[in-house]
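Rule-based calculations on the coordinates, nothing more; no lab input. Values in this document were obtained by computation on a predicted structure and should not be read as measured data. Neighbour counts run over all protein chains shown; Cβ positions are idealised from the backbone, glycine included.
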Amino acid sequence: MAAAVVVDLAARGYVDDRAFARQWVEARSARGYGPARLSAELRARGVAPSLIDAALSAVLPEAQLTRARAAAGRRLPALRRADPARVAARLRGFLLRRGYPGSVVAQILRETAGLSAED
């Protein structure tokens with residue numbers, strides 16, 4: 001009985017994992033989340049890996065870098081009020097937890113007030 005309902009809903013267009021994954025990536029990446037976190041969230045929701053890859057491929061690397069810069073810019077003022085020696089490490093951890101790849105995080109740290117990935 002439940003399977004018949006799911007088939008009927010899919011036929012009517014109410015169950016569409018591809019559209020769900022695409023919408024999820026658009027909405028969550030706009031909020032500053034990176035591809036690793038988005039992928040994990042979609043996997044946790046039972047979306048097929050091929051659909052996750054397709055949805056994530058729609059996010060251009062330039063947009064990813066721009067969103068990472070914006071997230072760092074929002075977080076940096078609070079971090080600078082704390083121990084100055086720990087700013088880079090805390091910003092790095094923040095961006096990695098948001099799901100950005102290490103190369104993007106390193107670039108943001110280099111751009112942000114002379115911070116480096118080794119700090």
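Selection of first residues in segment 7-21 that are over 22 Å from residue 57 (Cα atoms) and of second residues that are surrounded by 11 or more Cβ atoms within 10 Å (Cβ to Cβ), restricted to Cβ pairs under 6 Å at least 6 apart or on distinct chains, gives the following pairs, ordered by first then second residue: 9/15. Taking the criterion of being small (Gly, Ala, Ser) and farther than 21 Å from residue 95 by Cα, the residues of segment 12-54 that qualify are 13, 19, 21, 46, 48, 50, 54. Quick one: how many residues across segment 39-75 are buried (at least 16 other Cβ atoms within 10 Å of the Cβ) and not in a helix (DSSP H, G or I)? Matching residues across segment 39-75 total 2. Only one of the numbered conditions (1) assigned to a helix (DSSP H, G or I); (2) touching a residue at least 60 places away in the same chain (Cβ under 8 Å) is violated by residue 33, and that is (1).
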